[in-house]
1. Against the conditions (1) without any contact (Cβ under 8 Å) to a residue 24 or more places away in the chain; (2) assigned to a helix (DSSP H, G or I); (3) out of contact with any Ser or Thr (no Cβ under 9 Å at 6 or more places or on another chain); (4) surrounded by 12 or more Cβ atoms within 10 Å (Cβ to Cβ), where does Arg80 fall short? Just the number, please.
2. Could you grab me the full set of residues in the range 13-54 that are closer than 12 Å to Ala84 by Cβ and touching a residue at least 24 places away in the same chain (Cβ under 8 Å)?
3. Search the range 14-28 for residues being surrounded by fewer than 23 Cβ atoms within 10 Å (Cβ to Cβ) and under 10 Å from the mean Cα position of the chain (by Cα), and hand back the single one that is nearest to Arg109 (Cα to Cα).
4. Is it the case that Leu52 is modelled with pLDDT under 90 and either touching a Lys or Arg at 6+ places or on another chain (Cβ under 8 Å) or assigned to a helix (DSSP H, G or I) (or both)?
5. Of the residues Glu37, Glu59, which is charged (D, E, K, R) and part of a helix (DSSP H, G or I)?
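The values are calculated or read from the model by the stated rules, or taken from the named source; none is laboratory data. As the structure is a computational prediction, the values presented were derived from the model and not from experiment. Every residue, glycine as well, gets a Cβ built from its backbone with ideal geometry; the counts of neighbours run over all protein chains shown.
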Amino acid sequence: MSSRYYYGTGRRKTSVARVRMYPGTGEIIVNDKPMEEYFVRRVDRANVWEPLRASGLVEQFNVMVKVEGGGVTGQAGAVRHGIARALLEANPDLRPMLRKGGFLTRDPRQKERKKPGLKRARKAPQYTKR
């Protein structure tokens, strides 16, 4: 592998993905496994590929990812965000296209905390009149 790589950190919910992109043939390795093995659901795999497809650079980079925290879908979202940021480092001219596709925006949604006196974040105990 080439010593030059492009780096991007992606986040979604509680997942954090550290992405390194090397010039290559379009192979994606997630936590030392092929992406197809790590992300079993087709939706998650499609989500990861999106920034590369939109920029037309699918066959030009090999991607190495270390991802931790959260669930599978959150991790896929974090990887997608990290790939978009790494693409931006590789070619700043892609910014308008990546921004338009929504790949650079960090999804701010988080799990809401449980409140005292409630069963969950918002669900209250059933009201009984008598």
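1. Unmet for Arg80, out of (1) without any contact (Cβ under 8 Å) to a residue 24 or more places away in the chain; (2) assigned to a helix (DSSP H, G or I); (3) out of contact with any Ser or Thr (no Cβ under 9 Å at 6 or more places or on another chain); (4) surrounded by 12 or more Cβ atoms within 10 Å (Cβ to Cβ): (1).
2. Initially, the range 13-54 is screened for residues closer than 12 Å to Ala84 by Cβ, giving 17, 19, 21, 47-54.
Across the range 13-54, the qualifying residues are Ala17, Val19, Met21, Asn47, Val48, Glu50, Pro51, Leu52, Ala54.
3. Per the stated criteria, the residue is Ser15.
4. Details: modelled with pLDDT under 90: yes; either touching a Lys or Arg at 6+ places or on another chain (Cβ under 8 Å) or assigned to a helix (DSSP H, G or I) (or both): yes.
So Leu52 passes the test.
5. Values: Glu59 fails: part of a helix (DSSP H, G or I).
The conditions single out Glu37.
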